[in-house]
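Please treat every number below as a calculation from the coordinates, not as lab data. For clarity, every value in this text was computed on a predicted model and none was experimentally measured. Methodologically, a virtual Cβ is constructed for each residue, glycine included, from the backbone with ideal geometry; neighbour enumeration extends over all protein chains shown.
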Amino acid sequence: MTRIITVAVLAICLATQAMAQKRAGRPLPMPPPEYDKPYDGPMIVAHVDAKMMAQLCPRTIIDRTSRLEVPVTLGCRHMVPVPNAAQQTTGYACLIVMAQDDIITGMGYRPIDIEIHERAHCLGWGADHPGARYPEAGD
């Protein structure tokens, strides 16, 4: 009896993950070449759990199929002022907040692509994703 329950739970978990990946079939807009480059300044990338993701990048939904909280926003960026007392100026550090890798891959995306996408926003790429590229799956 225990073995049947264990197999059933495993099957449900695998099916839920497969459905999540299938649902995430929406392609991720990737930046055009002028925004696909290193950020010239301080950049911090923080990988956080779903609870922290909901606080720092607040758009989330409840996935009613798996009954798990699944972040819709897998990443976001915040520009943080960094004063430079010597030059009496203020620059900006880019803080990229990303869901943990298992959440991102569970939604069918690659963590590196989320980082590239958010870094482009640090460089000034608009929220409406002008000039976005949509690579084929597996690219």
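For this structure, a couple of remarks:
- Mean Cβ count within 10 Å, highest first, over the residues of peptides 47-54, 93-100: 93-100, 47-54
- For the peptides 106-118, 28-40, the ranking by mean Cβ contacts within 10 Å, running from highest to lowest, is 106-118, 28-40.
- With the simple spin-label model, which puts each label point 7 Å out from Cα in the Cβ direction, the Thr90 to Asp49 separation comes to 3.4 nm.
- ³J(HN,Hα), Karplus 6.51/-1.76/1.60, whole Hz, each residue of the range 46-57, x for Gly, Pro: 10, 9, 10, 6, 4, 5, 5, 4, 5, 7, 8, 10
- Amide H to amide H, with H built 1.01 Å from N, Met43 comes under 5 Å of Cys94, counting only residues 5 or more places away or on other chains.
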